[in-house]
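Taking it in order: structure first as structure tokens, then the write-up.
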Amino acid sequence: IDIVQVDGNTVTTKTQTWVDPTRELGVAPLVATEIVTIENGKIKDWTWILSEESLAAMQAAMAPPLDKAIIGLWSWEKGSTWFQFNEDGTYRYDIDFDRLSENPADIGQYSIEGNILTYVSGDETRQCEPGSTGSYEIAITEEDKLVFVKQADDCRPGRSAPNMSPQPFTRVTE
């Protein structure tokens, strides 16, 4: 604990806190500012404010891995491209939402290693050759947007939305 300021009966400190859960997440110590007001020898008010750096570290440590976070239905913000990622590692892609469930333009398997998403088109694909692969750097933003940056894709005319990089996709909720 470092005392930052004393103003009458209010003390402001900068603290570092180590506890087992934050150690296990790899974010200890948490750095915070504490503001304590003392009245009649007792704590009247206590405020604990986590630093922006510690908050960011906690959020990153607690975020689901990309292979879990990507699961679901995503729509390009312009509304003309749809991706569906399933828990079983399959994906569907189309520019028409109504075709997505029955006869998508592309269907296959995906995998994620680090932040690289790799598609492999299946036998039922209409747009790509079966076995066509594509790799994209992906991220999910704080606003829950899925962003693709094309690394390589041998599917012609392509799986990607027009000028996909860096255009975000929005998670579609029921």
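Overview of values
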item	result
Residue identified as touching a Lys or Arg at 6+ places or on another chain (Cβ under 9 Å), of a type in the set (A, V, I, L, M, F, W, C) and closer than 30 Å to VAL149 by Cβ among ILE38, ILE95, ILE107	ILE107
Residue within segment 49-57 that is surrounded by 11 or more Cβ atoms within 10 Å (Cβ to Cβ), in contact (Cβ under 8 Å) with a residue 24 or more places away in the chain and more than 30 Å from GLY122 (Cα to Cα) present	yes
Strands (runs of 3 or more DSSP E) enclosed by segment 40-145 - at least 2 residues per element that are among the hydrophobic types (A, V, I, L, M, F, W, C) and farther than 30 Å from THR10 by Cα	72-76, 82-85, 106-113, 116-121, 133-140
Only listed residue being exposed (fewer than 13 other Cβ atoms within 10 Å of the Cβ), aliphatic (A, V, I, L, M) and touching a Ser or Thr at 6+ places or on another chain (Cβ under 9 Å), chosen from ILE38, ILE43, ILE107	ILE43
Any chance GLU124 is of a type in the set (Asp, Glu) and surrounded by 12 or more Cβ atoms within 10 Å (Cβ to Cβ)	yes
Unmet requirement for ILE138, which otherwise passes all of (1) in contact with a Phe, Trp or Tyr (Cβ under 7 Å, 6 or more places away or on another chain); (2) under 30 Å from ALA57 (Cα atoms); (3) at pLDDT 90 or above	(3)
Members of segment 58-95 that are open to solvent by 50 Å² or more (accessible area, probe 1.4 Å) and out of contact with any Phe, Trp or Tyr (no Cβ under 8 Å at 6 or more places or on another chain)	GLN59, ALA60, MET62, ALA63, PRO64, PRO65, ASP67, LYS68, LYS78, GLU87, ASP88
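The values are calculated or read from the model by the stated rules, or taken from the named source; none is laboratory data. It should be emphasised that the depicted structure is a prediction, and the values quoted were computed from it without experimental measurement. Here the Cβ is made from the backbone with ideal geometry for all residues, glycine too, and neighbour counts use every protein chain on show. The protein model used for the area step is the full one, side chains on, heavy atoms only, and it has no ligands, DNA or RNA in it. Shrake-Rupley method; radii C 1.70, N 1.55, O 1.52, S 1.80 Å.
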